[in-house]
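The values are calculated or read from the model by the stated rules, or taken from the named source; none is laboratory data. Since we're looking at a predicted model, the values are computed, not measured. When we count neighbours, we look across all protein chains shown, and the Cβ atoms used for this are built from the backbone with ideal geometry, even at glycine.
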Amino acid sequence: MRTAIVADRVFDGTKNLGRKVVVLADGLIEAIMERVPEGTEVIDAPGTTLLPGLIDAHVHTDVNGLRMALQFGVTTELEMQGVNTARDRDHIMQNDSLADVRSAGFGLTPPGGHPEELFPKDFRPERGSGGRGGGLAARPRVDPIVRAKVTSPEEAISVVQQLAGAGSDYIKFMVDDGTVEGHPGLPMLDQATLNAGVAEARRLGMTTIAHALTLDATRMSIEAGIDGLAHLFMDRPHTPEIVDAIAQSNTFVVACVVLNASMMGITGAPLADDPRVASKLSKEWDETLRSSFNRFPQGSLQDVLNTLRALDEAGVDLLIGTDVSQPLPFLGGLAHGASVHQELQHFVDAGLAPTKVLSSATEVTARRFGLTDRGTIAVGQRADLLLVDGDPTIAISDTLNIRDVWRRGTRAGRFEHAVSVPN
Ligand SMILES: [Zn+2]
């Protein structure tokens, strides 16, 4: 059976093609045409825009998170530390009621290093994990091989090899001295260990990503030859030197402005109040979204937005990510899928054009992570699609006017959105 979607606008991952008919067959995009072909089921959708399914390039997830993400038009989540998705990988890949996933497995960090400081001392992983074994905190279930901690270049090389062998899709490095989490002096990878791990990953042909929340950690990561940064530093304003270093090294940046905002104590309450979001949130996710990390209240969100704009003007590839994880208030201000839309709005607030921002959640991410079968609307690509009312190439918040989502050509469910859009 073929399906023809007729949309007033088709955003193909880089530009608005205008009114087109997009034909789906066997989970793929079969044709992009001017007229509806014979023998197809037709979805005539006046007033809509069809987009590639969105990609969240920084999550910690599980089956519940992936289900929620898909409802918000996020058809792929890229996990930056976690274990559940590795265990459930085959099931997830074949289940069209969930977003697809890729995972780093565990990130390299020294004993006692990030992210251990984020968890309350009395925190027990089984609490608040939805009963299915919670993401990054599910210690008892974790394969000890991929949890190996590193303190030397030799260990870093060994762990990278083990992660690659255990099925990690890319290699994540934690470069964090605890400055912005209120834990100064946290054990942290040194430059030689980071260099050795990145070099080994490169030798194995794997993409490398660094968790770096400070300007110094960002500089260290670039020095090591990292491919991408999983965060945008938030401890101080940017300098011409750091912008130039990121641009010259062709490093991509998953900005996670929503995480930086949460670290500064800014909650997701306005997003949770949006009826287009509220209707899809469970009670525990509503509470989580209305909370925040609140670790670095002295930070400046305007500095972060200024840095984002400077990187854009320098030609840096900027990716949409959130750092969403579990429904726990101390990891709050974020919710699967929903926060992607807020991140898009932050990018526009920083001064980026809406079409460029939509690329940051689709084409750019697919290209930088080697996901060649998605991120664009083109013949032969996976039919991972998002249909929204309105025109997000002009008004970015229209991405939340979700009408339909397809994952591998399977309609994930029709979403009524007969609600007015709050200003
Ligand atoms: Zn993270």
- [ ] Check off (1) within 16 Å of the ligand (Cβ to nearest atom); (2) out of contact with any His (no Cβ under 6 Å at 6 or more places or on another chain); (3) within 18 Å of A57 (Cα to Cα) for L308 and give me the number that stays unchecked.
- [x] (1)
- [ ] Output the number of residues of the range 340-360 satisfying the condition of being within 16 Å of the ligand (Cβ to nearest atom) and out of contact with any Leu (no Cβ under 7 Å at 6 or more places or on another chain).
- [x] 1
Task: Unique match (being more than 16 Å from the ligand (Cβ to nearest atom) and either crowded, with 21+ Cβ neighbours inside 10 Å or at pLDDT below 95 (or both)) among L271, L229 - done: L271
Task: M93 vs. criteria of a type in the set (A, V, I, L, M, F, W, C) and without any contact (Cβ under 8 Å) to a residue 12 or more places away in the chain - done: yes
Task: Residue satisfying all of: in the range 140-163; assigned to a helix (DSSP H, G or I) and over 24 Å from A217 (Cα atoms); modelled with the lowest pLDDT among these - done: P140
Task: Unique match (being touching a helix residue (DSSP H, G or I) at 6+ places or on another chain (Cβ under 7 Å), among the small types (G, A, S) and crowded, with 22+ Cβ neighbours inside 10 Å) among G351, G375 - done: G375
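Quick grid of which residues meet (1) in the same structural domain as T193 (by TED's automatic domain parsing); (2) at pLDDT below 85; (3) touching a Leu at 6+ places or on another chain (Cβ under 9 Å):
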| position | (1), (2), (3) |
| --- | --- |
| L66 | yes, no, yes |
| L108 | yes, no, yes |
| H114 | yes, no, yes |
| A138 | yes, yes, no |
| G167 | yes, no, no |
TODO: Examine the range 329-340 for a residue that is under 23 Å from P392 (Cβ atoms), part of a helix (DSSP H, G or I), without any contact (Cβ under 8 Å) to a residue 60 or more places away in the chain and among the hydrophobic types (A, V, I, L, M, F, W, C), and state whether such a residue exists.
DONE: no
Task: Odd one out for E223 among (1) crowded, with 23+ Cβ neighbours inside 10 Å; (2) more than 16 Å from the ligand (Cβ to nearest atom) - done: (1)
TODO: Return the only residue of T355, T372 being part of a loop (DSSP other than H, G, I, E, B) and hydroxyl-bearing (S, T, Y).
DONE: T372
Open item on the list: Is it the case, given these coordinates, that G73 is within 15 Å of the ligand (Cβ to nearest atom) and closer than 22 Å to W285 by Cα?
Closed with: no
- [ ] Could you grab me the full set of residues in the range 170-208 that are closer than 30 Å to D88 by Cβ, out of contact with any His (no Cβ under 7 Å at 6 or more places or on another chain) and at pLDDT below 95?
- [x] E181
Task: Test set (1) in contact with a Lys or Arg (Cβ under 6 Å, 6 or more places away or on another chain); (2) within 16 Å of the ligand (Cβ to nearest atom) - I55 fails condition number - done: (1)
